[in-house]
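S.K.: Could you have a look at this structure, given as structure tokens, before my questions?
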Ligand SMILES: [Zn+2]
Ligand SMILES: [Zn+2]
């Protein structure tokens, strides 16, 4: 875990974004001590794109990560009905 990054606060912020019903596999790790990478799976309704823009959701997350100087971001959407192993 890179210093100065509080994943609980980050997770709270992400959970506060509309259309996000849950999340798992939230990981932040340091690539070389300077650059950080981030990944997350977002649980969203099947028809999210009809009500909310997926691009907007991603942009909001990128905005939060910018403050933390995370350079490599991977965001996966798990739509309801999709089965994904919820492992840490
Ligand atoms: Zn994981
Ligand atoms: Zn998943």
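Just so it is clear, none of the values below were taken in a lab; they were calculated from the coordinates. Bear in mind that the values here come from a model prediction, so they are computed numbers and not experimental data. Virtual Cβ from ideal backbone geometry, glycine too; neighbours counted across all protein chains shown.
S.K.: Return a whole-number percent for the relative contact order of segment 1-83, with Cα pairs under 8 Å and 6 or more residues apart as the contact set. If you can, show how the numbers build up before the last one.
M.R.: On the way: 112 pairs, mean separation 26.3, N = 83.
Over segment 1-83, the number comes to 32 percent.
S.K.: Hey, another quick one. Roughly how many nanometres apart are two label points built 7 Å out from the Cα toward the Cβ at residue 84 and residue 15?
M.R.: A separation of 1.7 nm, rounded to one decimal place.
S.K.: Angle check, please: helix 54-67 long axis (alpha carbons) against the longest principal axis of the chain (alpha carbons), in degrees 0 to 90, nearest 10.
M.R.: Roughly 20 degrees between the two axes.
S.K.: What do you get when you divide the Cα radius of gyration of the chain by 2.2 N^0.38 Å, with N the number of residues?
M.R.: Ratio of Rg to 2.2 N^0.38 Å for the chain: 1.08.
S.K.: Let me ask something else about it. Over segment 2-84, what is the percentage of antiparallel beta bridges among all DSSP beta bridges, to the nearest 5?
M.R.: Around 45 percent of the beta bridges assigned by DSSP in segment 2-84 are antiparallel ones.
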